Amino acid sequence: MQFTAQQIATLLQGRLEGDPAVQVSDVAKIEEAKSGSLSFIANPKYEEYLYSSHASIIIVNESLEIERPISATLIRVKDAYSSFALLLEKYDEMMSGRVKTGIEPQSYVAATAKIGKDVYIGAFSYIGENAVVGDGVKIYPGCYVGSNVKLGANTKLYAGVKVYDLCSLGDRVTIHSGTVIGGDGFGFAPLKDGSYKKIAQIGNVIIEDDVEIGANTTIDRATMGSTIIRKGVKLDNLIQVAHNVEIGEHTVIAAQTGISGSSKIGKYCTIGGQVGMVGHITIADGTKINAQSGISKSVTTPYTVLNSSPAFDYKSSLKSQAIFRNLPELQQRLLKLEETVHELTALLSTQNLEYKK
Amino acid sequence: MQFTAQQIATLLQGRLEGDPAVQVSDVAKIEEAKSGSLSFIANPKYEEYLYSSHASIIIVNESLEIERPISATLIRVKDAYSSFALLLEKYDEMMSGRVKTGIEPQSYVAATAKIGKDVYIGAFSYIGENAVVGDGVKIYPGCYVGSNVKLGANTKLYAGVKVYDLCSLGDRVTIHSGTVIGGDGFGFAPLKDGSYKKIAQIGNVIIEDDVEIGANTTIDRATMGSTIIRKGVKLDNLIQVAHNVEIGEHTVIAAQTGISGSSKIGKYCTIGGQVGMVGHITIADGTKINAQSGISKSVTTPYTVLNSSPAFDYKSSLKSQAIFRNLPELQQRLLKLEETVHELTALLSTQNLEYKK
Amino acid sequence: MQFTAQQIATLLQGRLEGDPAVQVSDVAKIEEAKSGSLSFIANPKYEEYLYSSHASIIIVNESLEIERPISATLIRVKDAYSSFALLLEKYDEMMSGRVKTGIEPQSYVAATAKIGKDVYIGAFSYIGENAVVGDGVKIYPGCYVGSNVKLGANTKLYAGVKVYDLCSLGDRVTIHSGTVIGGDGFGFAPLKDGSYKKIAQIGNVIIEDDVEIGANTTIDRATMGSTIIRKGVKLDNLIQVAHNVEIGEHTVIAAQTGISGSSKIGKYCTIGGQVGMVGHITIADGTKINAQSGISKSVTTPYTVLNSSPAFDYKSSLKSQAIFRNLPELQQRLLKLEETVHELTALLSTQNLEYKK
């Protein structure tokens, strides 16, 4: 597929500088762009690429100043970054063939399920009893939607997502392949003989609007009540969310992090990858947690920044980590000092000074 | 669905105090209970909620003493916790629609597979050649059961579980969605040119009775022989169990932990989340390992408690971790001491004392 | 199935010592072999087992010297290890029923897909529009192959693998169950109100020849361009590979490791389990990274060995870790020294020496 600079400028309502007939067939980062690529510059530190890039069309901010002639056609817009993001979206829709509708005949839809308008249900997907599938929902092949599950409007389940009975997803939720919503919480009562008895997990998972969840993540149902993912939350791949956890609005969590049971995470938090969190704690709004940290107690002050395992104040942790690397030298200095003090003590004792240890 | 206090008291063989006709329609923790909720108090520290809870019915221990009037109807039983757990089970069976039987027509069952009585096989599940499916087994939609796999009686595979050829599961095993049993062990022989040659993994996985495994966990088949999960083991989500590992009876492992190849874990161990364990080691019975620990060598003393990475004695590790946080202060103290000693040494040298470094 | 020593010797072109008619029905490690087992000894440290093993047939190196009589039949070959590995492969093919061909009728193959010769497509697998499936490809049940995906010759997808649109796999690639190739990268632009806007991920994943990937691993598509896994790479289970990552030829990565966006890993690296790596860094060829390490910056010297989080030189890290365990003692020594120096200072001040702090 090819587009002219004129077509793109019109779409973005931008101002064109250069050849309106030049064509592009792909999009690329400015440092990787070739002839025929469309690219963008939003951050001033990339402006140097203006003069060396092979891109055929570059989207730039209105205010950008050109110092010497360039070969690319420019399209000036108010906000280069968001204009480019908009183009990515359009391109994505056109290229990936992701926009499907209809119910493929090899799927299974229970007679009692309620299916909205403009829905796509792929082959080998299973829609259970009394499930409610909202308008515009897209369910890719091989998904499982249990009994009494609700999927809000325009929600998208990629291939192989599993949603257990009774869970509820809001509008515009996106879940990537292999993610499991609503598996049993890990609850077992120890018996006297050292074995364990399962505690039935009768709660569910509630996922609010505009949440996106990556691939192969697991979110367990509550023992009682609900595990809750608030609106706008973004979860990466391979994350573990245990039973009765609550994650506040617009919190972002990177891959492979694990949240233990009943912990409550605030709004607007930023949590790195491979973080671990114990159960039954509360994390204040806006907390930032560095990758691989271990959170062993509640965080009460909003916008705290944490690092290390067990985690503490980020800046202090960097100092401790730096000294950790030098522990052999520090130990050596201590040893040398012990020797010196020992010699001083011995020396003074020969002077008949009144020295008591 | 609604139940009266009288119905519940009869089921639990409990003694009723209050209105036998009061009705409940859900179950909740005592601190979250509303009018119409059934709840329980087993732990004395929750007894304060007796007087403030909105629960309509509360299950309590026979021995509980009431200090002032309460609004809820009480049901007194010998063990409030296990009575409540029993109710959860009953509720779970009724509400979740999980009890299914029959072979859904859109499934695939090989002609040579042997299928027991009262089995449920969901649509889009695949039962391979010579597989043996025991009585009462429930296979949810989208599972894969390879050739020559054995599933014991009343075993349950939730949607999308994959069991490779030749693996064997005992009775009453529960496996949650997305878990993979019997993938190839990670075995590659280095060649002289720096590339690797795969070593065929011809063993299998044996899972004994009463094991429960969470979602998206992976248990690899043995190179030769068997990877073995002994009876009563409970594994959480996203755990990695490598080839030829053996996990002893009634050991419990939390989410995202990884066990490397050929390690043998004892009975009755308790292993936290995100723990890593090197290969070819042995862990004594009853070992407790704190979350995020790294186990780099065998544990020979039963009931050892470990923490940190690399792990060592739990109590010692807490002291080291506390000092780690104060390393900048400790370094400062050392520096100050060096200065003082330097001054002392200089001072003494001016005194013509016979001081040799 | 049974095989005679003569049959095996012929297959391996080996020299037989002992009874050519003795039969074996399984294969086992030398220390676990029973009567009827075939085993091997390649490493001199296992030679002691020659005299105690119950194996019926043992494959050994030509050069092995026998010191006293043994009961097993020997087959002498040039390289016992690779001969045994070859037998494992043959055994694997025979026993596991893994060699299937044909398109099972309950699959879905888009009319526009191009399917090669000698292909196996299992039931409930979905092959999307314009997908290209090479000769000899095996797609087990329940896989999803999106639109415009390319699978090279003899590539194997085990049950439940998901490959999103536009991704490309080379020849002889093996992917285990539950792995997700090409999910969206984790890219969201923060908005002024604290919420996030998704950035469309329009790139793909390219996996070159001879790559093997374990179960439930996730490899995200690039934002633009490609996430690239170079030829011969081996990835274990539950690994996270973020958008725009590149992993160099013949690099091996153990389970549960996570690589953040845009990082470039060199060739011939060996990366342990549960390692975390920040984004936008470069790792030199041949780097070795110990399990659970955290890599927070680029590695520029090839064949560096790293450990700890944040990671530094392996040998130094072992020293620091050893001192970490002894921090309480080190702190105690510092305290004692402070006291001694304090006493010395006090003593000297009583001597009317000119001492200034």
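The values are calculated or read from the model by the stated rules, or taken from the named source; none is laboratory data. Treat the numbers as computed from the prediction; the structure is a model and nothing was measured. With ideal geometry, Cβ positions are generated from the backbone for all residues, glycine too; neighbour counts draw on all protein chains shown. Only protein heavy atoms, including side chains, enter the accessible area calculation; ligands, DNA and RNA are left aside. Shrake-Rupley method; radii C 1.70, N 1.55, O 1.52, S 1.80 Å.
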Item to check | Test set (1) under 30 Å from B:Thr227 (Cα atoms); (2) open to solvent by less than 10 Å² (accessible area, probe 1.4 Å) - B:Lys156 fails condition number | outcome: (2)
Checklist outcome for this item: Per the filter on region B:220-235, residues open to solvent by 10 Å² or more (accessible area, probe 1.4 Å) and more than 10 Å from chain C (Cβ to nearest Cβ) are B:Ser226, B:Ile228, B:Arg230, B:Lys231, B:Lys234
Checklist outcome for this item: Picked from region C:195-219 (must be at pLDDT 95 or above, at the interface with chain A (Cβ under 7 Å from one of its Cβ atoms) and not in a loop (DSSP other than H, G, I, E, B)), the residue surrounded by the most Cβ atoms within 10 Å (Cβ to Cβ) is C:Thr218
Checklist entry - Could you say which residue among A:Leu88, A:Leu64, A:Leu38, A:Leu16 is assigned to a helix (DSSP H, G or I) and not polar (S, T, N, Q)? => result A:Leu88
Next on the checklist: I'd like to know if region B:72-82 contains one or more residues that are surrounded by fewer than 16 Cβ atoms within 10 Å (Cβ to Cβ), more than 14 Å from chain A (Cβ to nearest Cβ) and either at pLDDT 90 or above or in contact with a His (Cβ under 6 Å, 6 or more places away or on another chain) (or both).
Outcome noted: yes
Checklist entry - Looking at C:Lys267, is it surrounded by fewer than 17 Cβ atoms within 10 Å (Cβ to Cβ), at pLDDT 95 or above and either within 12 Å of chain B (Cβ to nearest Cβ) or farther than 19 Å from C:Leu238 by Cβ (or both)? => result no
Item to check | Qualifying positions in region C:306-315 - at the interface with chain A (Cβ under 10 Å from one of its Cβ atoms) and either of a type in the set (Val, Ile, Thr) or in contact with a helix residue (DSSP H, G or I) (Cβ under 7 Å, 6 or more places away or on another chain) (or both) | outcome: C:Ser308, C:Pro310, C:Phe312
Checklist outcome for this item: Selection from region C:19-32 of residues touching a residue at least 24 places away in the same chain (Cβ under 8 Å) and in a loop (DSSP other than H, G, I, E, B) yields C:Asp19, C:Pro20, C:Val22, C:Ser25, C:Ala28, C:Ile30
Next on the checklist: Looking at region C:323-343, can you tell me whether even one residue there is in a helix (DSSP H, G or I), open to solvent by less than 50 Å² (accessible area, probe 1.4 Å), touching a residue at least 12 places away in the same chain (Cβ under 8 Å) and more than 8 Å from chain B (Cβ to nearest Cβ)?
Outcome noted: no
Checklist outcome for this item: Filter region B:273-286 for residues that are within 14 Å of chain A (Cβ to nearest Cβ) and surrounded by 24 or more Cβ atoms within 10 Å (Cβ to Cβ); the one that is nearest to B:Ala222 (Cα to Cα) is B:Gly276
Checklist entry - So A:Gly116 clears everything in (1) within 12 Å of chain C (Cβ to nearest Cβ); (2) of a type outside the set (Lys, Arg); (3) within 25 Å of A:Lys231 (Cβ to Cβ) except one condition, right? Which one? => result (1)
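Mind listing whichever residues of region C:220-229 are in a strand (DSSP E or B) and of a type in the set (A, V, I, L, M, F, W, C)?
Going residue by residue through region C:220-229, those that are in a strand (DSSP E or B) are C:220, C:226-229.
Selection gives C:Ile228, C:Ile229.
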Checklist outcome for this item: Flagged in region A:287-301 as in contact with a Cys (Cβ under 8 Å, 6 or more places away or on another chain) and open to solvent by less than 20 Å² (accessible area, probe 1.4 Å), in numbering order, are A:Thr287, A:Ile289
Checklist entry - Within region C:80-123, which residues are among the aromatic types (Phe, Trp, Tyr) and either farther than 16 Å from B:Tyr164 by Cβ or in contact with a Cys (Cβ under 8 Å, 6 or more places away or on another chain) (or both)? => result C:Tyr81, C:Phe84, C:Tyr108
Item to check | In region C:159-194, the residues that are open to solvent by less than 10 Å² (accessible area, probe 1.4 Å), in a strand (DSSP E or B) and closer than 16 Å to C:Val137 by Cβ | outcome: C:Val163, C:Leu169, C:Ile175, C:Ile181
Next on the checklist: If I filter region C:302-322 for residues that are modelled with pLDDT of 95 or more, open to solvent by 80 Å² or more (accessible area, probe 1.4 Å) and in a loop (DSSP other than H, G, I, E, B), do I get at least one hit?
Outcome noted: yes
